[in-house]
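A quick write-up on the structure given underneath.
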Amino acid sequence: MLNKTLAELAKGLDQGEFSSVELTQAYLERIKREDSKYNSFITVTEELALIQATAADETRSAGKATFMTGLPIAHKDIFCTQGVRTSAGSKMLDNFVSPYDATVIRQFNAAGAVTLGKTNMDEFAMGSSNESSFYGPSRNPWNTDHVPGGSSGGSAAAIAAGLAPAATGTDTGGSIRQPAAFCNLTGLKPTYGRVSRYGMIAYASSLDQGGPMAQTAEDTAMMMNVMAGLDPLDSTSADRQVPDYTANLDKPLAGLKIGLPKEFFAASLNPEMATLIHAAVKEYEALGAAVKEVSLPNTALSVPAYYIIAPAEASSNLSRFDGVRYGYRCEDPKDLEDMYKRTRGEGFGTEVKRRIMVGTYALSEGFYDAYYKKAQQIRRLIQEDFVRVLSEVDVIMGPTTPTPAFKLGEKTSDPVEMYMEDIFTLSLNLAGLPGMSIPCGMNNGLPVGLQIIGNYFAEEKLLNVAHKFQQATDWHTQKPAGL
Amino acid sequence: MEWETVIGLEIHAQLATNTKIFSGASTAFGAEANTQACAVDLALPGTLPVFNESALRMAVMFGTAIDAEIGKVSVFDRKNYFYPDLPKGYQTSQLFYPIVGEGHIDIELEDGSTKRVGVTRAHLEEDAGKSLHEEFASQTGIDLNRAGTPLLEIVSEPDMRSAEEAVAYVKKIHALVTNLGICDGNMAEGSFRCDCNVSVRYKGEELGNRTETKNINSFRFIEKAIKGEVERQIDILEDGGRITQETRLYDADKDETRSMRSKEEANDYRYFPCPDLLPIVIDDEYIDAIRKALPELPDVRRTRFVDTYQLSAYDAGVLSAYKPLSDFFETVATISTDAKLSVNWVMGELSKHLNQHDTDIKNSPVSAQQLGGLLQRIKDNTISGNIAKKVFEAMWNEGGSADEIIEAKGLKQVTDTGAIEKIVDEVIANNQKQVDQYTAAEPDKRGKMIGFFMGQVMKASGGKANPGQVQGMMKQKLDALC
Amino acid sequence: MALNRTDVEKIAHLARLQIDENDVPEYATNLSNILDLISQMQSIDTSDVEPLAHPLDAVQRLRADSITEENQREHLQTVAPSVESGLFLVPKVIE
């Protein structure tokens, strides 16, 4: 019963092939047995999972089951989960047992899903490799010498290793799409505001967005049906009708207009990957799509703009971690300032401190216009590029990442090199657009992701485009050796 | 050369909302520590703000009341600094696009003239919690009940030239916000606080360096703090010194301002637009609806009091400054049908009692209905003014209506002519010496002498005899003896 | 844009971060490199461009002014490092 998609597991539960408790136990055992290789979970919530699974089975016998009832999933450890440690991958919150549930957690609980545990992540979602986690890096199940990507690396590794059929993630600059690409998964970063941010520990508020990571577009759509929607607790959540994301998955793609931004196929893209992306586009042409080259001239500027805006917001968002009301506090502070500085100096890791300092500097007196305001202006230019192109085409396609998963330690010494990893994903967050990554081939035994970008609130279209590809190809069904 | 004082004020008025500016926790004053600090107020990881509609409405009410430009698009910014009673490590405020733009307010000066003071802006922000330094030996306790209470920060132009003008301005704003019902105005509880920016210069010269004295919470302290600060600055400048631009605290016990442990580093608040909140957009319709629904403003009411009730400018000014007081007065005046009598009682006996017991009019043990009823009994001659004071005293201490007290204590005025005549005759019979003096006196001196006989009659009647009747009858009888 | 030791120390102080003395040079180098990356922005003329703070063109929703949060002090303070008589304790603040 393991190694199945959510849709398949839902069918199995429905037809009584297995119960939710049996399914949950099977996953819990597998996590216990296998996760030392991947370090994909920070906390396994065995007790909670079994309570939820028992309740789900009762719901089912009472004839009240819905599509998510009894399905086990994992949550990125950035979503506050009542009664469960919620660490955001940081020493700062290692002792933080959340007193409340994030809206996303509440939605999955209400839908009858079972929480297997909380997955590993880059500290406060700052990273592209999972190496900044206080709990040690997670590893890529396709090759454990390689990173699973980040920051939702634990979620990606867990699904790829068959330790969870699906998981939640968050994406501030590519943190769902890049690990999905590295681990041969389907990941969706929804339009900014589509999924509530309440209870999702903030990194950069105007960029953060929660979303699903799964094995197929269909599963991704099922999860979106749970996660999407207006939340009165989040001022930035969109007041807009939520469609049934599974309804139009099979819609034919004849006449679909695809744009290929020439800037996404520039020198930084590994040529073998370029070949795979072009092959995937050919596949779409076979499905009836029309392809044309488009231009997003400000793509390269998304890196500097992002690395001002995100750290600036983060420097302020992370000020609440001061050792006063929750979380880590240093030993024997000699005075207030000592408490602040040591609590934060000891509680945060290097990359987090680095970004807080960049953000603090960018917002400090005399620099605001040159950095923050400038970055927000560039952000407008980037958005305008997309708006223009998306008035001509239905979706934009390109690579999710410039290279496949790199090795652990390969990019940790130079943060700038690590930041360049996100060159194809950052611009969407700046513009607030939805984007997906789906498997489209292998490069030296490592998965390659195709990125599909759509217009605002066009998640349904993206899922349809992804699903049709997955009906026509089998890249997404490939599993790491030994699974 | 003559010194000139330049004063600008920042007033923080807590808005009288039920809940916090960004959370659904109560703002009630005086609750046990941290019982009104919810997950959002504690800035738990992942929590987010949602803006309170009443805070917006109240800010716009203030803006329309001072004829200000209203920001149709206003934006919340973050002011970043670390302090234990600031849970998020930033205060959500409005720097670049405030809800209320330029407006003005007229103050009355002692010489009777009027001066217009500019209001630069008024913006919404959240209050911080409270740090309690006294309860623990080496620790400070943090109570976050107040954290997130909505504040309207009202910033004036540096238009005031004396402590008296500053106080007149603060009183005017206080009257306005309490009249609008957007702030309870309780200065002792910190609902209405004032920061004073003070500098001095030779008349006509450039502005000098200023100091900011923080969080002064009474009108009297504002006056004293400014006067002390002006004196201090002039002393320094006349000794050839320079004024350090700094934040100071007013110490009411010592009646002096002192430097707040001068933070060697300049503050760098790193303001930027709050990404968790979206721009607040309002239209003319919203603003007009609020403008139309504004209650009567103090200035309008003061004029009306003079016109309708023929009150003196002073009485009208005092009454109209505080809505609970003016409402009280109007109720009393309506019931008693005598505005003059009402104002005398409200400003006299009632105010005296309120002051003695340090009580606000809102908590007065004697209600406007009770006082109005009492004044009716004076008007219809049931009791005299002096007896009324006794009734009021009883009302204050024991409650009850005027009629109940008069009845229970038997204070009803005697108007029975026969009964009064009897006492008058007795007094004349028992005071032959004074009667002789009266009859011997020149007729124009007799008027004054009648007071003695009146007093005797009132005494004999226990104060209950109707003074008018007594006077008439006594005069008639004495004159008959002449 | 090269940051020196003083710059790094000043920023770290503003952000209330204790940085190990020995790590300052590395922070200085890394932060300088990041600022160099960021300086690419300066080549673009944005004088007529309105800054974009929020990706969606949405406006603030308003919350009804009614109490929705009850006292949860004991529950919320279970995660606090130091509490007495319902107050959060910190080292003495001197004003």
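Looking at the stretch A:57-192 alone, DSSP beta bridges between its own residues are antiparallel in about 25 percent of cases.
Between the Cα long axis of helix B:298-309 and the first principal axis of chain B there is an angle of about 10°, rounded to the nearest 10. Seen against the Cα atoms of chain C and their longest principal axis, helix C:5-14 is set at about 20 degrees.
Result for chain C in a Gaussian network model with C-alpha springs under 10 Å: among C:ASN30, C:ASN22, C:ASN71, the largest mean-square fluctuation is at C:ASN71.
Evaluating 6.51 cos²θ - 1.76 cosθ + 1.60 at θ = phi - 60° for every residue in the stretch B:162-179, the Karplus couplings come out as 7, 4, 5, 5, 4, 5, 4, 5, 4, 5, 5, 5, 4, 4, 5, 5, 6, 5 Hz, glycine and proline recorded as x. Every helix of 4 or more DSSP H residues in chain A counts as -39500 (n - 2.57), and over all residues that averages to -11500 deg cm²/dmol at 222 nm.
Axis angle, to the nearest 10 degrees, between helix B:467-481 and the longest C-alpha principal axis of chain B: 30 degrees. Computed from label points 7 Å out along Cα-Cβ, the spacing between A:ASN3 and A:GLU365 is 6.5 nm.
Separation of the stretch B:427-477 from the stretch B:205-239 is 61 Å, based on Cα centroids. Just tell me which lysines come within less than 26 Å, Cα to Cα, of B:LYS390; anything on the same chain fewer than 8 places away is out. Cross-link targets: B:LYS340, B:LYS352, B:LYS362, B:LYS379, B:LYS409, B:LYS412, B:LYS422, B:LYS459, B:LYS464. The order of the peptides A:423-435, B:95-107 by mean Cβ neighbours within 10 Å, most packed first, is A:423-435, B:95-107. Positive-end ranking of B:ALA65, B:PHE453, B:THR140 along the dipole of chain B, with charges on Cβ about the Cα centre, is headed by B:PHE453.
A Förster distance of 60 Å, applied to the separation of the beta-carbon atoms of B:GLN245 and B:ASN18, puts the FRET efficiency at 0.90. Packing here is the average count of other Cβ atoms within 10 Å per residue, and on that basis the peptides A:211-224, A:115-128, highest first, run A:115-128, A:211-224. For GluC sites (Glu not before Pro), the sites in the stretch B:206-239 that DSSP calls loop and that have at most 15 other Cβ atoms within 10 Å are B:GLU206. Within the listed set C:ALA64, C:ALA53, C:ALA80, the Gaussian network model of chain C (springs between alpha-carbon atoms below 10 Å) gives the highest mean-square fluctuation for C:ALA80. Under 5 Å between amide hydrogens, built in the peptide plane, is the criterion, and for A:VAL294 it picks out A:LEU260, A:LYS262 among residues at least 5 positions away or on other chains. Note on the stretch C:1-40 and the stretch A:414-483: Cα centroid distance 34 Å, given to the nearest whole angstrom. Projecting the Cα atoms of B:GLN233, B:LEU354, B:ALA25 onto the charge dipole of chain B (Cβ charges, centred on the Cα centre) puts B:LEU354 farthest toward the positive pole. For the stretch A:304-386, which GluC sites (Glu not before Pro) are in a loop by DSSP, counting at most 12 other Cβ atoms within 10 Å? Those that pass, being in a loop and sparsely packed, are A:GLU331, A:GLU365.
Working note: Karplus 6.51/-1.76/1.60 with θ = phi - 60° gives the stretch B:347-353 the couplings 7, x, 4, 5, 4, 4, 5 Hz, where Gly and Pro are set to x. When +1 charges are put on Lys and Arg Cβ atoms and -1 charges on Asp and Glu Cβ atoms, the dipole computed for chain B relative to its Cα centre reaches about 1400 debye. Note that the stretch B:57-65 has calculated 3J(HN,Hα) couplings of 4, 5, 5, 5, 4, 4, x, 5, 5 Hz, one per residue in order, obtained from phi through the Karplus relation 6.51 cos²θ - 1.76 cosθ + 1.60 (θ = phi - 60°); glycine and proline are x.
Taking a ≥ b ≥ c as the square roots of the eigenvalues of the Cα gyration tensor, an a/c ratio of 1.5 or more together with a/b no larger than b/c marks the stretch A:369-437 as oblate.
Shape class of the protein assembly as shown from the alpha-carbon gyration tensor: prolate, with a/c at 1.5 or above and a/b greater than b/c.
Counting only Cβ charges, +1 for Lys and Arg and -1 for Asp and Glu, the dipole size of the protein assembly as shown around its Cα centre is about 1220 debye. Taking a ≥ b ≥ c as the square roots of the eigenvalues of the Cα gyration tensor, the stretch B:206-339 is oblate, since a/c reaches 1.5 or more and a/b is not larger than b/c.
With neighbour counts taken as other beta-carbon atoms within 10 Å, the residues B:HIS12, C:HIS13 rank, fewest first, as C:HIS13, B:HIS12.
Amide H to amide H, with H built 1.01 Å from N, B:ASN52 comes under 5 Å of C:ARG63, counting only residues 5 or more places away or on other chains.
Could you tell me which of the pairs B:LYS171/B:LYS323; A:LYS257/A:LYS292; A:LYS11/A:LYS189; A:LYS11/A:LYS64 are separated by over 19 angstrom between their Cα atoms in the structure shown? Violating the 19 Å Cα-Cα cut-off are A:LYS11/A:LYS189. Put the Cα centre of the stretch B:293-344 next to the Cα centre of the stretch B:27-86 and the gap is 34 Å.
Here, each number is a calculation from the coordinates, and none is a lab measurement. Note that the coordinates shown come from a computational prediction; the quantities given were computed from them, not determined experimentally. Ideal geometry is used to build each Cβ from the backbone, glycine not excepted, and the neighbour counts take in all protein chains shown.
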